[in-house]
Amino acid sequence: MDAEAGVAGADQLPRRQYYMNLLLLAYQSFGVVYGDLSTSPLYVYKSTFSGKLNQYQDEETVFGVLSLIFWTFTLIPLLKYVTIVLSADDNGEGGPFALYSLLCRHTKLSLLPNQQAADEELSSYYRNGFAPSNGSSPWLRRFLEKHKKMRVVLLLIVLCGASMVIGDGVLTPAISVLSSMSGLQVRATGLKHSSVVLLSCIVLVGLFALQHRGTQKVAFVFAPIVIIWLLSIGGIGLYNILHWNPNIYQALSPYYMVKFFRKTGKDGWIALGGILLSMTGSEAMFADLGHFTSASVRVAFITVIYPCLILQYMGHAAFLSKNTFHMPTGFYDTIPEPVFWPVFVVATLAAVVGSQAVISATFSIVKQCHALGCFPRVKVVHTSRWIYGQIYIPEINWILMVLCVAVTIAFRDTTLIGNAYGIACMTVMFVTTFLMALIIIFVWQRNIIFALVFLVFFGSIEAVYLSSSLMKVTQGGWVPLVLAFIFMSVMYIWHYGLRRKYQFDLQNKVSMRSILSLGPSLGIVRVPGIGLIYTELVTGVPSIFSHFVTNLPAFHEVLVFLCVKSVPVPYVSPDERYLVGRIGPKEYRMYRCIVRYGYKDVQRDDDNFENMLVMNIAKFIMMEAEDASSSASYDVSNEGRMAVITTTDASGSPLAMRDFDGLADSMTMRSSKSETLRSLQSSYEQESPSVSRRRRVRFEVPEEDGMGRQVKEELMALVEAKHAGVAYIMGHSYIKARRSSSFLKKFAIDVGYSFLRKNCRGPSVTLHIPHISLIEVGMIYYV
């Protein structure tokens, strides 16, 4: 009995901890995910009645608008996102690129160049229960996989959605902060609009300046603000319902939508551009999943967000139904005078939080684009040591700030910004609906009829709203279209340039026959040390290797062709990260190592990387020796075989690793570095705190009777090479289009890609390669 009680108590403890974590994440999600959605009441009714609908100032029109808001908010945020789309997360990640990566793994739709069959063996590659042979609609799968143009179109659709999310990051702060600050003019009637715009810009600059503090810290500060805001507007809404029009609940009937369109006609259809603002911020629920969990986001929405916002919209409509002359002035007129200033302060703070939701989503989207080869190299700062996925990107942050302030100063009106905002939000939603239909077919493996029902039902609703928004392109709606075109161009040109470079490397690989003809010395002097040659190829020897051999008088005794690549999964387990293989016969001392990261993985400046690499190669040598077939003579057909090396199991390592202090031991080791270079390295390490704090270790080959002579010699050579020093060798490539190329290709490669490559961070920076150990050799690619 005591044992059973102990087990029950142990079960209750993890369960209690789970619910505590769930509530904590739900609490934090208010400050990051829901800020945008919860501040929509600031501008929904004002934007809706700003056009020709202002001519219909009667109770029936107000009831129709409320009915549209209620059913729109119920069908899209609640039914589509909370009930369905949140279930399509990619191992906890959301957003257009998360859906795209799911599709690429379960179908052959990816355009990522360096994928291999071994990637499909990752534990997180396929969704639980997925069976490739049981897929529905095989004819559709074959059609999409066969035609490359269809895969390019799919990528462009995803890039369009990602670009619109970035556009949201510009427009959301502008409309939220400007709407909240405009409340000053309700009480301070002498305040000029230019002063409101100036105050809004100051608040915006302060918001973006706070981003480097991290999402977690911002969420803990902002979450109570949003909760107070929601309870305040929910209470004000309930007060307005009881005070002005208790019969407003009748407007929840869809009958009033029909009456609304019968009465207003085309004017009512154009007014949908304002009504759709009630669901803006829904995409942040999905895009910000990397910061939280789907369960926590659902709990927060169903228990607090939905009831409070519905009460507010009903209360606002009840006020307008009896005060139709207040229609153009917006939210602040509905606040009872005694609580105006407290609510104004909370509204201003909540508007700042609303901006935070989309800024966080923008950082997540850019990180995913960058990892999957669709965005230039940028600095990604992980702001939380404990929670994965919470990031800050300085370049994107300041670009968003400049564009946001520019939009605020240029438009100076929430109606015009709302027109732009509506187009951006509806485009992202439409892209998500399209991708979800494909997810239902290829990932969930449901009948195509379910996908068509989902696409037609939600797609038709969103198409109606999008068509209404597009009518306002000349009234500010052009802004997201221009921003999306610019960001799409940047992303596609970068992706196109990377693919062309990879194809050049693939077509110009150095043949193994030519390498074997050079002999174990490769025709040059082999000096002590390990040379890490970075390449994008996962098989074969890149053409730039022959360039190295031609330009460098000597080469390292041990050569490792290192490929650091991203795979279309959020995270790769450390035990599945390293693939190790051999290039050529054993006496050549040439290896291949592939390091795999997910699109949300942290590529830190890891001081243990070199040691981990040596340990993994040593494990591979032992695994190869245990395989009886590998003891035979070298066979070219075995070239390209790779083994997954487990990193967490230290018991199987053939090397002993111990710490040592100071540089005295290292200076006495056999080294290829001159005294001058050693002194320079010593000075560099003293000036660089991150380098000087690195763990210093020494490897030893244990005396074991069961270890073969050849294996021991190879391990000794590896250890001596590591002690002699590690050099990082990279190609400084220049990509140019061939003379016979079309004008469009020449412009994309020679102008677009060249400009992006020169103005983004270098690969050595993003890979955290120490400059003192870096060797670069220039090479021109004609693609």
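The values are calculated or read from the model by the stated rules, or taken from the named source; none is laboratory data. None of the values given here were measured: they were computed from a predicted structure. Positions of Cβ are generated from backbone atoms using ideal geometry, with glycine treated the same way; all protein chains shown enter the neighbour counts. With ligands, DNA and RNA removed, areas are computed over all heavy atoms of the protein, side chains included. Shrake-Rupley method; radii C 1.70, N 1.55, O 1.52, S 1.80 Å.
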Study note, to complete from the structure: Flagged in the range 471-497 as at pLDDT below 90 and open to solvent by 50 Å² or more (accessible area, probe 1.4 Å), in numbering order, are Met471, Thr474, Gln475
Check your understanding: When both residues are 6+ apart or on different chains and their Cβ atoms are under 9 Å apart, which pairs have a first residue that lies in the range 128-157 and is open to solvent by 30 Å² or more (accessible area, probe 1.4 Å), and a second that is at pLDDT below 65?
Key -> Arg141/Gly135
Review point. Restricting attention to the range 682-701, which residues are in contact with a strand residue (DSSP E or B) (Cβ under 7 Å, 6 or more places away or on another chain), at pLDDT 75 or above and not charged (D, E, K, R)?
Key: Phe699
Exercise for review: Quick one: which residue in Asp58, Asp90 is assigned by the TED database to the domain that holds Ser180 and open to solvent by 10 Å² or more (accessible area, probe 1.4 Å)?
Suggested key: Asp58
Revision key, fill the gap. When Ala117 is run through (1) within 25 Å of Leu372 (Cα to Cα); (2) in contact (Cβ under 8 Å) with a residue 12 or more places away in the chain, the failure sits at (2)
Revision key, fill the gap. Per the list (1) closer than 27 Å to Phe73 by Cβ; (2) crowded, with 22+ Cβ neighbours inside 10 Å, residue check on Phe442 breaks on (1)
Revision key, fill the gap. Counting only residues in the range 511-531 that are farther than 21 Å from Ile617 by Cβ and among the β-branched types (Val, Ile, Thr), the one surrounded by the fewest Cβ atoms within 10 Å (Cβ to Cβ) is identified as Val525
Review point. Give me the pairs: first residue in the range 46-57 and among the hydroxyl-bearing types (Ser, Thr, Tyr), second residue in a helix (DSSP H, G or I) and open to solvent by 40 Å² or more (accessible area, probe 1.4 Å), beta-carbon distance under 9 Å, and six or more apart or on different chains, which are they?
Key: Tyr56/Lys263
Point to revise | Leading residue by the ranking (modelled with the highest pLDDT) among those in the range 597-624 that are within 19 Å of Lys565 (Cβ to Cβ) and among the basic types (Lys, Arg) | key: Lys600
Exercise for review: Answer yes if at least one residue in the range 168-187 is assigned to a loop (DSSP other than H, G, I, E, B) and in contact with a His (Cβ under 9 Å, 6 or more places away or on another chain), and no otherwise.
Suggested key: yes
**Study point:** Filter pass, Glu536 being open to solvent by 30 Å² or more (accessible area, probe 1.4 Å), more than 26 Å from Arg499 (Cα to Cα), in contact (Cβ under 8 Å) with a residue 60 or more places away in the chain and not small (Gly, Ala, Ser)
**Key:** no
Exercise for review: Scan the range 262-302 residue by residue and report those that are free of Cβ contacts under 8 Å to residues at least 40 places away in the same chain and in a helix (DSSP H, G or I).
Suggested key: Arg262, Lys266
Check your understanding: For the subset of the range 241-265 comprising residues that are hydroxyl-bearing (Ser, Thr, Tyr) and under 14 Å from Tyr313 (Cβ atoms), which member is least open to solvent (accessible area, probe 1.4 Å)?
Key -> Tyr256
Check your understanding: Can you spot a residue in the range 349-372 that is open to solvent by 10 Å² or more (accessible area, probe 1.4 Å), touching a Ser or Thr at 6+ places or on another chain (Cβ under 8 Å), among the polar types (S, T, N, Q) and not in a loop (DSSP other than H, G, I, E, B)?
Key -> no
Practice item. Within the range 49-58, identify whether any single residue is farther than 22 Å from Ile275 by Cβ, modelled with pLDDT under 85 and part of a helix (DSSP H, G or I), and answer yes or no. Key: no
**Study point:** Top-ranked residue of the range 486-510 - restricted to ones that are of a type outside the set (Phe, Trp, Tyr) and over 15 Å from Glu536 (Cβ atoms), ranked as nearest to the chain's Cα centre (by Cα)
**Key:** Met491
Exercise for review: Name the residue, out of Arg526, Arg513, Arg499, that is out of contact with any strand residue (DSSP E or B) (no Cβ under 7 Å at 6 or more places or on another chain) and either in the same structural domain as Phe545 (by the TED database) or of a type in the set (Gly, Ala, Ser) (or both).
Suggested key: Arg513
